[in-house]
Amino acid sequence: MAIRKRRKLSKKEAKAQKKSADFLANQNNKIEPQYTEVSKSAKKIVEIPETILVRELASKISVPVTTLIKVLMKNGVLKNINESLDWETAAIAGDELGFDVKLKTENEKVKTIQKEEKIDKKNLKTRPPIVTVMGHVDHGKTALLDAIRKTNVVSTESGGITQHIGAYQISFKNKKITFIDTPGHEAFEAMRAHGANITDIVVLVVAADDGIKPQTEEAYEHAKRAGVPIIVAINKIDLPAANIFKVKQQLCEMGLVPEDMGGKTITVSLSAKQNMHIDELLEMLLLVSEMKNFQATPSKPASAIVIESHLDAQLGPTAHILIQDGTLSEGDFVVVGDTWGRIRLMEDEMKKRLKQAGPSQPVKIAGIKKMPSYGEILQEVPDEKTCRKVLSDMKKVSKVISAEKSEGLKVLPLVLKSDVSGSLKAIKDSLKKLETDEVKIEIVREGTGDVTEDDIMMAKTSNARLLSFKTGVASNVKDIIEKEKISIAQYSVIYDLINDIAEIIRFLSRKEVEVKTGRAQVIKIFRSTKDEKIIGLKILSGEIESGERVLISHGDESMGEGKVVSLQIETKKVEKLKENQIGGIKLNTTAILQETDELIFYKKELK
């Protein structure tokens, strides 16, 4: 047989092939590393930082990411490969897989940082800060951005309230700042949380005439959990009812003590409507950015996060993304969530076409196969082959999660209100202990004080149970409760609340089991078709009912299964036949029956 000589690759082809191979090798290490069995009696020590991505932990302990996800789900933690774990959760999962996961010491952290700086310092560049504007509805968040961007966005919003997350970049004193406007309405709480998790600095907007509101506190909690600096913009100072001092007192009560009151929180009093002191806010943002020195590596392949997506009549599926690291160019291949594509158009927020976009830059892209969800990660890859390989690995993880869900993992959503924070914490701690392998408790909303309209709507939209401990119901929402048919369980004794939820969890934790109900013998066959049999039988033990399943056997040989359609004694139809009774039965079955065959009847029950 003649051997065909291999065509010599051009330099360009060889370079592209090597880039693809290197990327795939790197992805294999991240997503599906070679599994190494480790004896629990001789655990290997692995050091990790305070937070780590699921795929990075899998790589460090050398187990398939699907195996790690299974262990996490067993412990009630649902994470995908791109989500982060805290050290304690990682340690629990590592222990089950035979590893002693330890937190890096400060010295080790310093060594790691120094090592990274040594490698990447020449490629690191200062990037614009990403600023998220948050706060209570109608306190002027979008109006503030409107003043900053010198464009009229408010008038285009439904009712003047932001209904989506938008990202915009401005230039101030020759320096760029990226802003994210998050919805302030209660129904968009999840989107506000998403906004806080992709930001460097939070601007918390508080109206000087209205003060701190529940959504202000929630926005603050999201920002605090994200661990980012907070600047408070006290807006609407031009109004007659404005009371800046009162707002600052309320900020102190929240734990945000202003600088002029001895604390560390930067506050700027301004009026978005009158364009007062906007420059002062921008100066403070640049000051914090300079102190934090936000950096990225533009020379890397791009990674980004999806802010919005929609279907464009001309362009097809499009997405608004925020570049987090690297540089994205027209023509690049990308994987976004569970889809992929090749960038054929890229625009900024003013619809100016771009050839490239770098760190902290918000852009609109076209060329992806379908619309991704907000919060999805975009990753640049070398070519189409790599896109398909990455998605194939993602599907493996999805199959694991789907399989685990199909095995019966259930979620019990709760809205919890209490009289004081101490009681709230005690109830939450007690509820956490009630979780089982089958049922996980998810508190979708919590707080102190009377049950409000927001609590009612959250319970409705999340299909959650509303629990109230030693609290009342605001008078203005009683009509809403009746209208929406929301049930509120009110308690004055904590043990009653815990016992009721424990009973619900026991009910949800039940598993379907097969219960044998009776045994019978075929004594006569009256009619037999392909799918239906009418026979006479004698009940040897137990009792049987219509609708039950039946196993058919001839001696030691299994003949098949069937279902009871109806029962009768002589000419009278009956619901059940008991031990020693003789009667007739109509079966749906394809099995071939003979006299003396044995029938075992069973039904499925939740236990």
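Which condition number does E446 fail, the rest of (1) in contact with an Asp or Glu (Cβ under 8 Å, 6 or more places away or on another chain); (2) assigned to a strand (DSSP E or B) being met?
Here E446 meets the rest and fails (1).
Failed condition for A223, given (1) buried (at least 19 other Cβ atoms within 10 Å of the Cβ); (2) farther than 17 Å from D181 by Cα, with all others met?
Against the list (1) buried (at least 19 other Cβ atoms within 10 Å of the Cβ); (2) farther than 17 Å from D181 by Cα, A223 comes up short only on (2).
Return the total of residues in the stretch 557-577 being among the charged types (D, E, K, R), assigned to a strand (DSSP E or B) and exposed (fewer than 13 other Cβ atoms within 10 Å of the Cβ). If you could, list the steps in order and put the result at the bottom.
So the first thing to find is which residues in the stretch 557-577 are among the charged types (D, E, K, R), and the list is 557, 561, 563, 570, 572-573, 575-576.
Subsequent filtering for residues that are assigned to a strand (DSSP E or B) retains 557, 561, 563, 572-573, 576.
Next cut, exposed (fewer than 13 other Cβ atoms within 10 Å of the Cβ) only: 557, 572-573.
Number of matching residues: 3.
Scan K385, K364 and give me the residue that is of a type in the set (D, E, K, R), modelled with pLDDT of 80 or more and touching a helix residue (DSSP H, G or I) at 6+ places or on another chain (Cβ under 8 Å).
K385
Among the strands (runs of 3 or more DSSP E) contained in the stretch 195-294, which hold 3 or more residues that are under 18 Å from L145 (Cβ atoms) and without any contact (Cβ under 8 Å) to a residue 24 or more places away in the chain?
none
For the stretch 333-374, enumerate the residues that are in a loop (DSSP other than H, G, I, E, B), crowded, with 17+ Cβ neighbours inside 10 Å and at positive phi.
Passing the criteria: G337, S360.
For the structure I just gave you, tell me whether L416 is under 24 Å from the mean Cα position of the chain (by Cα) and assigned to a loop (DSSP other than H, G, I, E, B).
Against the criterion (under 24 Å from the mean Cα position of the chain (by Cα) and assigned to a loop (DSSP other than H, G, I, E, B)), L416 does not qualify.
So if I check each of L466, L424, L497, which one is over 26 Å from the mean Cα position of the chain (by Cα), among the hydrophobic types (A, V, I, L, M, F, W, C) and either part of a helix (DSSP H, G or I) or at pLDDT 85 or above (or both)?
None of the others qualify; the one that does is L497.
Looking only at the stretch 102-129, count every residue that is at pLDDT 80 or above and either in contact with a Phe, Trp or Tyr (Cβ under 8 Å, 6 or more places away or on another chain) or in a loop (DSSP other than H, G, I, E, B) (or both) and tell me the total.
Qualifying residue count for the region: 6.
The values are calculated or read from the model by the stated rules, or taken from the named source; none is laboratory data. All values derive from a computational prediction rather than experimental measurement. Note that we place each Cβ from the backbone using ideal geometry, even for glycine, and neighbour counts take in every protein chain shown.
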